[in-house]
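Please treat every number below as a calculation from the coordinates, not as lab data. What you are looking at is a predicted structure, and each value in this text was computed from that prediction instead of being measured. Cβ placement follows ideal geometry from the backbone for every residue including glycine, while neighbour counts extend to all protein chains displayed.
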Amino acid sequence: MNQQELVEKIKLELGGKIIEINAPAERRIFLTVAAENLVDTMKILRDLFGFYHLSTISGVDTLSSFEILYHLANNVSCLTVKVSINRQNPEIPTICDVIPGAILYEREIQDLLGIVVKNIPDPRVLVLPDDWVKGNYPLRKDWNYQAPEEKIPGEKK
Amino acid sequence: MKKITIPIGPQHPALKEPISLRITIEGEVVKHADVRLGYNHRGIEKLAESRTYIQNIYLVERICGICSHSHTTCYVQGVEKLCGLEVPKRGLYIRMLVCELERIHSHLLWLGVAAHEAGFDSLFMYTWRDREVVMDLLEIISGNRVHYAINTIGGVRRNLNEIQKEKILEGIKFLKKRTEYYTNLGTTEPTFVARIAGVGILPKEKAIALCAVGPTLRASGVSSDIRKDDPYAAYDEIPFDLCTADTCDVLGRVVVRVKELIESYKIVEYIIKNLPQGEIKVKAPRKIQPAEVVSRYEAPRGENIHYIKSNGTDKPERLKVRAPTLANYPATIEMLKNCFVADIPLIFAAIDPCICCAERFVELIDAKKGNSTVLSMAEIRKKYYSTETKRNVVWPL
């Protein structure tokens, strides 16, 4: 199966779920779906097309919305599933039921972009420090953090 | 039997990365393992958004000290795709040469660590001595032992001359002979094989479901290598074999890496003998039109992936980096379940972040009562590593 056939088959299987699909380069496909269709899309891609391997999840803040990108791979191509979500109420469903290896990446976007992953099996903080002030999401473009003034214990006032 | 939780890390003199493992044991058997990250989170992705494409090469190089070339190559080939640059063949070949030499030095280092964890210290000293040969080769090519800084957008920064080529072939000839000796030694030395066989089992289905990468995945019988699946640079022109093992244990991971060493020697020899003539780089534009790209690379530890989004300026809108070790953590937790305490360092080292245990203290917390005691390594050895204790429990595998 080559990439062109793969794209045609994905179009046939997913039908109305697809918002946009294109293949800009060799072995690269970008597919856009809505957040409510994400889990179903992942299941279909895994079971019918062999996209078992999730390379990572990237999050991009475009200031009008958040784009979440799931980079999947099989032996033909590397497919990126793109989901665009509302910036005021950023919520996506977990895909850990479909791909268990997604857990660390979901925890990472929760920490750094402040996206709520619904029904995530393990919601603990992954990369940020334990004493991190809540509501600070470093990878958001409008994040403007002012570090508190450094105090050295025992220094002269 | 009462359950005890042992914290390993985050600070440990022998650890490459500060990582914290919480291991719950029942007697001698690990029941649950948990990993806590973030002790070394430097905000590189955020920093990359405020630097130019050229500055970012040197930033991503510093993500890792062992596979520094992996990150720069993954990054520059993504940026090259974004601006539609055609890199000259000679540049690609030199890039691949450094990449394979880096794989050789990383695998030799790992082989030493694995041998040390298995208690085979003479092999450790041999491999680390021989690793100096490949480090010297890298220094001859790039001028640096660790951060080679050979990549630039549009090609490489340094050319190769005949004397350098000769020296590389000489070094590879020596390493080939040594590696053959280690293969012979490692597969026939009964104590070494007995120590690593059947330890850290990761079945094929689990390895796929937990998205493991690199030698860890290949040792579970999955033939996946980005150099074959998604050939970058000029890997589609180079003959080499994909190395797998189907034992799904630490022995398999040793076999895969030793086989890969031999394949890497072949690749290096092929590159030197078939090095194309011509330019080594092309000029790159400073600003890049809005676009996005996914770049993949087979680092010594597995798949490395960069996602780059440009926005028309000379700085990227977003740079996402996922290094192979992160992808292997869920699989490591699976491997640690139902193993012995004495196997923890071996299993953890087998994915390649080393957690070799020199002298250290651990705190033992009684899971029910909450009492804690601090023991020295010698006391732990006496308490948990002695052979009598091992005989009293049922073999869990």
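Each helix, a run of at least 4 DSSP H residues, gives -39500 (n - 2.57); summed and divided by the residues of the protein assembly as shown, these come to -12000 deg cm²/dmol at 222 nm. Gain on full extension, evaluated as 0.36 nm per residue between B:Gln164 and B:Thr52 minus their Cα-Cα distance, stands at 37.1 nm.
Taking a point 7 Å out from the Cα of B:Asp136 in the direction of its Cβ, the residues of the range B:251-265 whose backbone N falls within less than 20 Å of it are B:265. Where a Cα-Cα gap under 15 Å defines reach, which aspartates and glutamates qualify for B:Lys89, not counting those fewer than 8 residues away within the same chain? Those aspartates and glutamates meeting the cut-off are B:Glu80, B:Asp236, B:Glu237, B:Glu279.
Across the range A:1-132, the mean sequence separation of Cα contacts (distance under 8 Å, 6 or more residues apart), normalised by length, yields a relative contact order of 20 percent.
Helix A:3-14 axis versus longest C-alpha principal axis of chain A: approximately 80°, rounded to the nearest ten. Per residue of peptide B:31-38, the mean number of Cβ atoms on other chains within 10 Å of the residue Cβ is 3.
Partner shielding of A:51-63 amounts to 6, given as the average count of beta-carbon atoms from other chains within 10 Å of each residue beta-carbon. Across the cross-link table entries A:Lys141/B:Lys81; A:Lys141/B:Lys287; A:Lys43/A:Lys141, which are compared at the Cα atoms, the separations over 23 Å belong to A:Lys141/B:Lys81; A:Lys43/A:Lys141. Here the dipole of the protein assembly as shown is about 720 debye; that uses its Cα centre as origin and unit charges on the Cβ of Lys and Arg (positive) and Asp and Glu (negative). Its residue count N sets the reference 2.2 N^0.38 Å, and the alpha-carbon radius of gyration of the range B:1-75 equals 1.57 times that reference. What you get for the range A:3-92, charging only the Cβ of Lys and Arg (+1) and of Asp and Glu (-1), is a dipole of about 100 debye around the Cα centre.
Of B:Cys67, A:Cys78, the sequence from fewest to most neighbouring Cβ atoms within 10 angstrom is A:Cys78, B:Cys67.
For the range B:290-296, putting each phi into the Karplus relation 6.51 cos²θ - 1.76 cosθ + 1.60 with θ = phi - 60° gives couplings of x, 6, 9, 8, 10, 10, 10 Hz, in residue order, rounded to whole numbers and with x for Gly and Pro.
With a 10 Å cut-off around each Cβ of A:95-108, the average count of Cβ atoms from other chains is 4.
Hey, what angle do you get for helix A:38-49 against the long axis of chain A, alpha-carbon based, 0 to 90 degrees rounded to 10? The helix A:38-49 is inclined about 50 degrees to chain A. Using only Cα atoms, tell me the angle between helix B:324-336 and the longest principal axis of chain B; keep it within 0 to 90° and round to the nearest 10. Rounded to the nearest ten degrees, it is 20. Is the range B:210-328 rounded, prolate or oblate when judged by the Cα gyration tensor, a ≥ b ≥ c being the square roots of its eigenvalues, rounded requiring a/c under 1.5 and prolate requiring a/b larger than b/c? Judged from the Cα gyration tensor, the range B:210-328 comes out oblate (a/c at least 1.5, b/c at or above a/b). What the phi angles of the range A:15-32 give under the Karplus curve with 6.51, -1.76 and 1.60, with θ = phi - 60°, is a coupling list of x, x, 6, 6, 8, 7, 9, 8, 10, x, 9, 4, 6, 9, 10, 10, 10, 10 Hz, glycine and proline written as x.
Pairs from the table (B:Lys167/B:Lys266; B:Lys206/B:Lys337; A:Lys17/B:Lys206; B:Lys2/B:Lys206) lying more than 19 angstrom apart at Cα are A:Lys17/B:Lys206; B:Lys2/B:Lys206. Exposure proxy ranking for A:Asp130, B:Asp246, based on other Cβ atoms within 10 angstrom of each Cβ and starting from the fewest, stands as A:Asp130, B:Asp246.
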